[in-house]
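Single-structure report; data block below.
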Amino acid sequence: MNKVLQMVLAVCLMAVSSFAAAANYTLWVNGRTGGGVVGNYDSWNYWGPGTTAAGVNKKSVNWDGRSSVASQSGKIRDALDCFCTGNNWCYVVTHSAGDLIMGYTMANYGGSARVKKNATANSSGVCGDSDGSAQTGWNIKWVRAASGAGGGSELSDVGSWTTSEPLVQDLKTTTARAMYNHNTTRSVWFYMYAGAKGTAYSGVLPGQDDEAVAYHSTGGVSGSSGGSYCNPSDWLCNDLTLGTAANEGGSLKWSYHSVSFRDDSEAYNHYANGNWGGIVGVVRSAVVNSAL
Amino acid sequence: MPAALILALLAAIGWLAWRGDETGAPAAGVASGAGQPQGPQFFGQVEGRPAPPLPSERARQRQQLVELWTLADHTYCSYREGSMYPAGSRPMSQNPDQVYPNQPVTETNAMRGEDRKGNPNILLQTSQSRVYLAAGESVAFSLRAVEPNGNVIPLVVTRAIAAGIVTTGTRSTTQVPLAFADDGSGADPVAGDGAFAGVLTPAQTGLAGFHGTIRTEVRYTAAGKNGVLIFDVIYSPKVPATWVGTPREALEDGSLAFILRADVRQPGRYVVTGRIDDAKGRPFALATFNEVLGPGPNDIRLIVFGKLMVDGAPALPLRLRDVDGYLLKENADPDRELMPRLEGPVLTSRTQSMKGVSDAEFNSEERTRYLTEFAKDRKGAAASLANFDPSLPVPPSACGPVK
């Protein structure tokens, strides 16, 4: 083999090893109830068939969906460390309380030192170190939130007396909104997808809802408490606007939160139903087209 | 992608080995020109090539590429603009719900009974003065029933009990009865206005040592109907660090730093937030400290970033107010212990001019990493769109040409 060919081979091998270490991942963070095996990034029980397309290198970030977001945030940090450090970058998708736990994690730990990992997880969902170095925060391109419950749900406001599920306590509207600064996303966008096919709890959930979470939360409306927001067809209620614009009535959205989908035809409810259903299906379509 | 790259590289190696090394430079030109459009466009299928998509399908594909370009451009441009200031020093306009942290949290919801169903004909206006309670602090609750048109409905509080929420199987806490009144005393500012108020001070009750969520259940009657309401507060009975000394200021690296000293009893990650107003009292910036502190005296710097001052041109001097902070405990529930709150004015800066204030953008390894990646994505999206149909222009960028 002549000298030039040897040099070309060497350069190519270096390039291959460098590029092979860089990948994009799509992380799916579940909401209340959970269902997937915690620590197993290929366990899709919560969402639907694992064979369904759901973005490049999809990973199911499972947490128990019942404990407090604070106590489970470590599961999210493990996943972000695994797939979103070093040369690897992530798209993150959340459902319901997954928005709360992702926002909490970003706001409180988004600027912390993270040891770079090798994207190969053990059975607990913890990955090995890559080169031993660290970086500030994670590599996240954007977050898409299906029925985001970062602003809580009034269904938690009618909870039981002195014992209740810790996550339900977190989801009380006043608690969820005081838990962390929702504006602190480190300039990473949260794209919000708000469903409106809800009737069962219309007397409890204000404005439009998807049977579990109302527009004030799924639309990322800022404030220490909820409120009533609707589709433009409802004249008796302020409109939730698309994008980052102030809502009708003047209320603002959290910074770096943008409404990508408002369910004007009231066609999508809250529930994935184990088959990528409801508002999750809308987000999945968007993810398939953009998480490349 | 890596597999495709490997195949391409192996093919290139094989081709180089086959053709020898004497004409390396021209080969690169041949390879680079291979993907360029060649000759006139035909509507019919070219032998040996897949059929081109139908016009509508092609339009859909281009639209998808336009959307990807728009997303990549927006991601890059907004990040570049947003990260000009560090995460710990932001314009207050970007934190609309953090301006006045000590104002009561108010809500209006349909009255609810034991059946959890809402009654849209009776609205319940509620407020609570705090959600997170530091050791020794009190919280005031109030409620009032109104019709949808705003008319007050007479209300009677029949029972109000506070207790700590415990996990199933754990011994329950003391139950603390609360008195709600509409007599213009205590937390009730106006007598006889239909709003009833009560105060809970956990430190003065059997809940003094309880750490976690204290739920106050209020049962009431309005318009002859029974209703139930819950207020939750998260109480932190221990003080992890105390404020010591006098707050001071310094101009550091072109930014204004409000420096508060804390005596840390329990080391760990501390999250401390302060609000900065300009000289006219207009909310200007939100400063957040989020770092790990060791035991003993520590300085906590709340920074007003130099460029933020230059861009915002606030009336000087700036004033720090309403500082709150907590020890953040990883993977724990409850996850925090609150420091004593500094409510109201904390420190007025002596800095009366912009002398020494830097207009340089924030820079860090994190910012560089993000901008590099987002610029790469933007460039790739622009190239994909341009290659798909070179006859159509790439839509303009929100922040300048692609480099």
With every atom except the alpha carbons ignored, what do you get for Rg and Dmax of region A:24-290, in angstroms?
17.4, 58
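Please identify the helices of chain A, taking whole runs of DSSP H, that span at least 24 Å along their own axis as judged from the Cα atoms and have a mean Kyte-Doolittle score of -0.5 or higher.
A:3-20
In chain B, which longest range has no chymotrypsin sites (Phe, Trp or Tyr not before Pro) that are both DSSP loop (not H, G, I, E or B) and surrounded by at most 13 other Cβ atoms within 10 Å?
Looking at chain B, B:44-403 is the longest stretch - no exposed chymotrypsin sites (Phe, Trp or Tyr not before Pro) with at most 13 other Cβ atoms within 10 Å.
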Sequence-distant residues sharing a close amide H with A:SER68 (under 5 Å, placed H):
A:LEU167
Residue by residue through region B:326-336, what is 3J(HN,Hα) from phi via Karplus (6.51 cos²θ - 1.76 cosθ + 1.60, θ = phi - 60°)? Round to whole Hz and write x for glycine and proline.
8, 7, 8, 9, 5, 6, 10, 9, x, 9, 8
Apply 1/(1 + (r/R0)^6) to the Cβ-Cβ distance of B:GLU81 and B:ASN149, taking R0 = 41 Å, and write down the FRET efficiency to the nearest 0.05.
0.35
Residue by residue, what Karplus-based ³J(HN,Hα) values in Hz, rounded to whole numbers, does region B:257-262 have, using 6.51, -1.76 and 1.60 with θ = phi - 60° and x for Gly and Pro?
10, 8, 10, 10, 9, 10
Placed amide H near A:ASN269: partners under 5 Å, 5+ positions off or other chain:
A:LYS197, A:GLY278, A:ILE279
Estimate the FRET efficiency between B:GLN175 and B:ALA398 by the formula 1/(1 + (r/R0)^6), using the beta-carbon distance for r and 51 Å for R0, to the nearest 0.05.
0.30
Name the residues whose placed amide hydrogens come within less than 5 Å of the amide hydrogen of A:TRP89, ignoring near sequence neighbours (fewer than 5 apart) on the same chain.
A:ALA23, A:ASN24, A:TYR25
So which GluC sites (Glu not before Pro) in region B:90-193 pass both tests, a DSSP loop state and at most 13 other Cβ atoms within 10 Å of the Cβ?
B:GLU114
Return the subset of A:LYS116/B:LYS376; A:LYS58/B:LYS379; A:LYS116/B:LYS403; A:LYS172/A:LYS197; A:LYS116/A:LYS197; A:LYS117/A:LYS172 for which the Cα-Cα distance in this structure is over 31 Å, preserving the input order.
A:LYS116/A:LYS197; A:LYS117/A:LYS172
How far is helix B:365-388 tilted, in degrees, relative to the longest principal axis of the Cα atoms in chain B, given as a value from 0 to 90 rounded to the nearest 10?
50 degrees
To the nearest 500 deg cm²/dmol, what mean residue ellipticity at 222 nm is calculated for the protein assembly as shown from DSSP H runs of n ≥ 4 alone, each contributing -39,500 (n - 2.57), summed and divided by the residues?
-7500 deg cm²/dmol
For the protein assembly as shown, alpha-carbon Rg over 2.2 N^0.38 Å
1.06
For region A:134-289, what Kirkwood radius comes out of the mean inverse Cα-Cα distance, in Å?
15.8 Å
Would you kindly state the longest site-free stretch of chain A, with sites defined as chymotrypsin sites (Phe, Trp or Tyr not before Pro) in a DSSP loop (not H, G, I, E, B) surrounded by at most 14 other Cβ atoms within 10 Å?
A:1-160
To check my understanding: the extent here is largest minus smallest coordinate of the Cα atoms along each principal axis. What are those three numbers for region B:113-235, in Å, largest first?
43, 33, 21
Whole-Hz Karplus couplings 3J(HN,Hα) for region B:175-182, θ = phi - 60° and coefficients 6.51, -1.76, 1.60, Gly and Pro as x, run 9, 10, x, 10, 9, 10, 9, 10
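Each value in this text was obtained by applying a stated rule to the coordinates, not by laboratory testing. None of the values given here were measured: they were computed from a predicted structure. Note that we place each Cβ from the backbone using ideal geometry, even for glycine, and neighbour counts take in every protein chain shown.
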